[in-house]
Amino acid sequence: MTKAQHQVGLLGGSFDPPHLAHVVLAQRAIEQLQLDCLIVLPTGDAWHKSRTLSDGPHRLKMAQLAFAGLEQCKIDDREIRRAGPSYTIDSLLEIQKDQTSSDFFLIIGEDQALQFSTWHRWRDILSIAHLVVAQRLHDPSISHKPTQWQKSEMESVITLDFEPMAMSATQIRHRIENNQDVSTWVPANVLQYIHQQKLYTKTI
């Protein structure tokens, strides 16, 4: 890829908690897309989530710890601070105002891509940023479905050359709740923070 201008990636997520697959994904995106900066956006009011997320300050701190080793990563708290439902288009428009000469890349997972046409103002997102899809390990819940990015509006999607890792935040929360080891899934500094703050433990 030939760099024409400042390359900025955006990686959103609950990060509840962030895990090693997130870190590897970020590193791979920086390398393949030749990013000058990767903005990591912990979500605020996750309107699409059926469960209640951990408090924003905890998820923000864990993201800061998880991505501390990647100098191109910048943890952005705007969605944590924003009142009401948090939409990607709002963050993208705000960031675009501050970086008018940048080329933007929105990095999402394959499961998110399958639902992308349901996102708030998704066509406006595509008019501002390149869509980058990181394929996940074979998942029965998303197999045998036509990919949304085959639609004409999404033909320019970029596939991230990323070897998916078989781990998820849901599994990690469950294992921590049941006092099972997650040290090979979660960065050591994040795991230390989780234990210090007693996150994901059963409440009596």
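A short reminder: the numbers here are calculations on the coordinates, not readings from a lab. Model, not experiment: these values are computed from the prediction. For neighbour counting, all protein chains shown are included, and Cβ atoms are generated from backbone atoms with ideal geometry for every residue, glycine included.
Could you put ILE107, ILE75, ILE128 in order, starting from the residue whose Cβ has the fewest other Cβ atoms within 10 Å?
Least crowded to most crowded, the residues run ILE128, ILE75, ILE107.
Listing SER183, SER14 from the residue with the fewest other Cβ atoms within 10 Å to the one with the most, what is the order?
Ascending number of Cβ neighbours within 10 Å: SER183, SER14.
Efficiency by 1/(1 + (r/R0)^6): what FRET value for ARG81 and GLN197, r their Cβ-Cβ distance, R0 = 30 Å, to the nearest 0.05?
E(calc), rounded to 0.05, equals 0.90.
Just want the ordering: CYS73, CYS37, from fewest to most Cβ atoms lying within 10 Å of their own Cβ.
Numbers: CYS73 24, CYS37 16.
Ordered by Cβ neighbours within 10 Å, fewest first: CYS37, CYS73.
Which residues' amide hydrogens lie under 5 Å from the amide hydrogen of HIS130, considering only partners 5 or more residues apart or on another chain, with H built in the peptide plane?
PHE104, PHE105, LEU106
Using θ = phi - 60° and the Karplus curve 6.51 cos²θ - 1.76 cosθ + 1.60, what whole-Hz ³J(HN,Hα) does each residue of region 92-98 get, with Gly and Pro shown as x?
4, 5, 5, 5, 4, 4, 7
Output ³J(HN,Hα) for region 84-91: one whole-Hz value per residue in order, computed from phi by the Karplus curve 6.51 cos²θ - 1.76 cosθ + 1.60 with θ = phi - 60°, and x for Gly and Pro.
Ordered by residue, 3J(HN,Hα) equals x, x, 10, 10, 4, 4, 5, 5 Hz.
Near ASP77, within a Cβ-to-Cβ distance under 11 Å, what is the net charge of the other residues, with Lys and Arg +1 and Asp and Glu -1?
+4
From Cα coordinates alone, what are the radius of gyration and Dmax values for region 6-197 in angstrom?
Just the Cα atoms of region 6-197 yield Rg and Dmax of 16.2, 49 Å.
Give the relative contact order (percent, whole number) for region 6-197; include only Cα pairs under 8 Å separated by 6+ residues.
Across region 6-197, relative contact order equals 25 percent.
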